[in-house]
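The values are calculated or read from the model by the stated rules, or taken from the named source; none is laboratory data. From a predicted model like this one, the values you see are computed outputs, not experimental measurements. Cβ coordinates were reconstructed from backbone atoms using ideal geometry, including for glycine residues, and neighbour counts include every protein chain displayed.
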Amino acid sequence: MSAVPEKPTLDNVESKWIESWDQNGTYAFDRSATRANVFAVDTPPPTVSGSLHMGHVFSYTHTDTVARFWRMRGKSVFYPMGWDDNGLPTERRVQNYFGVSCDPSVAYVANFQPPFRGDPPKDHRAVPVSRPNFIELCEELTAQDEKIFEDLFRRLGLSVDWSLLYTTIEDRSRRTSQRAFLRNLARNEAYTQEAPTLWDVDFRTAVAQAELEDRDRPGAYHTLAFHKSDGSGDILIDTTRPELLAACVALIAHPDDPRYQPMFGKMVRTPLFNVEVPVVAHPLAQIDKGTGIAMCCTFGDLTDVIWWRELQLPMRPIISRDGRIVADAPNGLTDVAGLAHYATLVGKSAKQAQTAIAEMLTTSGEMIGATRPITHPVKFYEKGDRPLEIVTSRQWYIRNGGRDVALRDALLARGAGLAWHPDHMRHRYSNWVEGLNGDWLVSRQRWFGVPVPVWYPLDADGETLHDSPLVPDESRLPIDPSTDAPVGYTEDQRGKPGGFIGDPDVMDTWATSSLTPQIASRWEDDNSVFDQVFPFDVRPQGHDIIRTWLFATMVRSHFEHNSAPWANATLSGWILDPDRKKMSKSKGNVVTPLDLFDQYGSDAVRYWAVSARPGVDTAFSEDQMKVGRKLATKLLNVTKFVLGFGDADESVAPTEPIDIAMLHRLAGVVDETTAAFEAFDYARVLERTESFFWWFCDDYV
RNA sequence: GGGCGCGUAGCUCAGUUGGCAGAGCGCUACCAUGACAUGGUAGAGGUCCCGGGUUCGAGCCCCGUCGCGCCCACCA
């Protein structure tokens, strides 16, 4: 029994096994297995924009225990890893790390050296670099980060087949992403449209409904006097955004509101700008809010968009894509004094413009009384710092049921057909799908992402023909329309009348990560793998991204394969700090996983992770890790003691009642834990096994 | 406003067709040489949030209240 250590110790056990697993291909996926004998995991690719934290350690351990279980059951386990390195988080990290910013108008510099590698001083002004240089820096930094990620996950002991590793920016992922998009386009599941969309003025990109969050912000009601055109007096409206006054296109009240019914169809003049706008009725106006009549601007909020569309109001945008008041006064503003007022606002941010216009309104006597401070929810991009504006722009959309009841019902049925663990998470999905108010906006005005793979012809006048995009053959993918030319054109026709231009946008990160099953399984690149694993057995992920990642993956699979992408979804909980608050970097209470591995050992950290029931938010507890370490030591010691009796004669059936009783009890534990693992309840498995182990040590041994 | 989860020992939590209230940590006392002191033995500690109902019997099922948390909607 050379396996019995002389002095039981946990020292070096991790490095020894990491090396052994790697050399022996212990976790290599068996390419000869049939689908029936495969267990496939759609592993979440962590975002490469910083570091892995305890939340990753926690949830990835859960999945690993399930993967190991199925491997023990004889399945060939398809357990890939991926790095989600395309997209905004990486861009932001690259800007902060190297002290640069992307400027597509700058020329490429070979062998460019960034001003800093880590921690630029606070007063450093970002150096503008070309898009290709910026992407090189993205690739350099993500490669560094990914090495650190891989080391950490290996140290944690994940039984991943590292030969299946993918990144979401690599050629194969871009090819998969573009292929899926082109097929959506060919089937009319993707379309382009010029429309008002929510817009982040700092990132200067459109954002999707799924990426919004509300934040409570201080605001103030300003009461403004509009003047009836027939000279019979004023109408007072309350607004929190007086800076949009020049963008006002109508006043709107509820059709049943007797106070304003006499005014419907009549005209009023705006304060300061003296622009004539109609008073109209619409049921979305709330009788009990403010003065009961609202000003509709293009655009202050999503209700304005609805009013503008349904009441066919004119467009008078005054907010530019960088969030400042545009230079050109809107249509209809012709009054000399009004133009003078407008000129003082040009170039100001929304906030500055609000202050300025409030002063002007006070001076003109058209603001009634003092402002009344309120706190109200304002829409933000979840990664953004300033409120979203609404600007009109051309964007790409993928249908998701937000504007189509039949499709929505089909996607609801897909969700209902999934096995959710824990089961109540299914409500998050149906709740979200039922509340969709538009299609999925997938284009982003950014750089480090998968390009929208189309070009547009230019007519004889150089106008872009958006409705007849030129698409590449799938065999050419991946392409970059900003450097590749469409078939039938040459590069020197780019931007010329009668020539072509490339679509300038990239796709949202989710538009690529929604294809992780297809990427990991080499869909269309090697369909023998795809056929072996699809639909996958399980998608493990956080419950906070049901509306994004899970739903988007469902949409793509529904369209492409007429199938759900997996049979099960497991949703992990959050790690809470001991004060029951969600752990966050800003609170400075994040513990690094490596420190804990060093202090307690990977197994002890895994023990803590597995003690939490599926889907339950769990307190971070070093005490549990101490317990785990003691348990591991005890396991070694009892093993040494038992094996010290020498080899058992396996041909002899046990006859002692105490042995038979122990084996009987063990068989019961095996049955129960098998059932628990089949239901993804690793925590029950641990509890039952540990409980048996203590009984085994205390009473049997 | 709509949806979901949670509330059990000081702490973190189990409690699986309703059947003697549990574990770990912490606390108290004792135990020192042959698997294990990273351990062992013993012990204290409970209004199972509250109110009502069903039942022979409720931590568990039903109705309601309160508290905590999350998701969505609400932006004049």
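Summary table
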quantity: Leading residue by the ranking (farthest from A:Asp64 (Cα to Cα)) among those in the range A:610-623 that are more than 7 Å from RNA strand B (Cβ to nearest atom) and part of a helix (DSSP H, G or I); calculated: A:Glu622
quantity: Where a residue in the range A:543-563 is farther than 14 Å from A:Trp510 by Cβ and its partner, wherever it lies, is among the charged types (D, E, K, R) and part of a helix (DSSP H, G or I), with Cβ under 7 Å and at least six apart; calculated: A:His543/A:Arg428; A:His558/A:Arg414; A:Glu560/A:Arg183
quantity: Test for A:Asn400: is it within 16 Å of RNA strand B (Cβ to nearest atom) and surrounded by fewer than 20 Cβ atoms within 10 Å (Cβ to Cβ); calculated: no
quantity: Pairs where the first residue, in the range A:115-132, is aromatic (Phe, Trp, Tyr) and the second is part of a loop (DSSP other than H, G, I, E, B) and loosely packed, with under 15 Cβ neighbours inside 10 Å, C-beta under 8 Å, 6+ apart; calculated: A:Phe116/A:His124
quantity: Filter pass, A:Leu412 being at pLDDT 90 or above, within 14 Å of RNA strand B (Cβ to nearest atom), touching a Leu at 6+ places or on another chain (Cβ under 6 Å) and aliphatic (A, V, I, L, M); calculated: no
quantity: Lone unmet requirement of (1) farther than 25 Å from A:Ser514 by Cα; (2) polar (S, T, N, Q); (3) modelled with pLDDT of 95 or more for A:Thr43; calculated: (1)
quantity: Residues that are surrounded by 18 or more Cβ atoms within 10 Å (Cβ to Cβ) and part of a strand (DSSP E or B), drawn from the range A:358-378; calculated: A:Met367
quantity: Number of the condition not met by A:Val638 [criteria: (1) surrounded by 15 or more Cβ atoms within 10 Å (Cβ to Cβ); (2) free of Cβ contacts under 8 Å to residues at least 24 places away in the same chain]; calculated: (2)
quantity: Cross-chain or 6+ apart pairs with Cβ under 7 Å, the range A:371-384 first and closer than 22 Å to A:Lys289 by Cβ, then of a type in the set (Ser, Thr, Tyr) and within 10 Å of RNA strand B (Cβ to nearest atom); calculated: A:Thr371/A:Tyr221; A:Arg372/A:Tyr221; A:Ile374/A:Tyr221; A:His376/A:Thr240
quantity: Any chance A:Phe692 is more than 10 Å from RNA strand B (Cβ to nearest atom), closer than 21 Å to A:Thr633 by Cα and surrounded by 16 or more Cβ atoms within 10 Å (Cβ to Cβ); calculated: yes
quantity: Residue check, A:Val701 hydrophobic (A, V, I, L, M, F, W, C) and loosely packed, with under 12 Cβ neighbours inside 10 Å; calculated: yes
quantity: Failed item in (1) exposed (fewer than 12 other Cβ atoms within 10 Å of the Cβ); (2) of a type in the set (S, T, N, Q); (3) in contact (Cβ under 8 Å) with a residue 24 or more places away in the chain, with A:Thr633 passing the rest; calculated: (1)
quantity: Qualifying residues in the range A:437-462 (those that are modelled with pLDDT under 90 and not polar (S, T, N, Q)) - the one nearest to RNA strand B (Cβ to nearest atom); calculated: A:Gly438
quantity: Members of the range A:578-601 that are on the phi < 0 side of the Ramachandran plot and modelled with pLDDT under 65; calculated: A:Pro578, A:Asp579, A:Lys581, A:Lys582, A:Met583, A:Ser584, A:Lys585, A:Ser586, A:Lys587, A:Asn589, A:Val590
quantity: Filter pass, A:Asp649 being touching a Lys or Arg at 6+ places or on another chain (Cβ under 8 Å) and either more than 27 Å from A:Asn12 (Cα to Cα) or more than 14 Å from RNA strand B (Cβ to nearest atom) (or both); calculated: no
quantity: Those residues of the range A:313-350 which are in a helix (DSSP H, G or I), in contact (Cβ under 8 Å) with a residue 40 or more places away in the chain and either loosely packed, with under 13 Cβ neighbours inside 10 Å or not hydrophobic (A, V, I, L, M, F, W, C) (or both), in sequence order; calculated: A:Ala337, A:Gly338, A:His341, A:Tyr342
quantity: Matching residues in the range A:296-315 - criterion: being among the hydroxyl-bearing types (Ser, Thr, Tyr) and out of contact with any helix residue (DSSP H, G or I) (no Cβ under 7 Å at 6 or more places or on another chain); calculated: A:Thr303
quantity: Filtered residues of the range A:146-164 (kept if of a type in the set (Asp, Glu), in contact (Cβ under 8 Å) with a residue 24 or more places away in the chain and out of contact with any helix residue (DSSP H, G or I) (no Cβ under 8 Å at 6 or more places or on another chain)); calculated: A:Glu146, A:Asp161
quantity: The listed residue being more than 30 Å from A:Phe149 (Cβ to Cβ) and more than 8 Å from RNA strand B (Cβ to nearest atom), out of A:Asp603, A:Asp671; calculated: A:Asp671
quantity: Inter-residue pairs, beta-carbon under 6 Å, first without any contact (Cβ under 8 Å) to a residue 60 or more places away in the chain and hydroxyl-bearing (Ser, Thr, Tyr) and in the range A:440-456, second surrounded by fewer than 24 Cβ atoms within 10 Å (Cβ to Cβ) and not in a strand (DSSP E or B), 6+ apart; calculated: A:Tyr456/A:Leu465; A:Tyr456/A:His466; A:Tyr456/A:Pro469
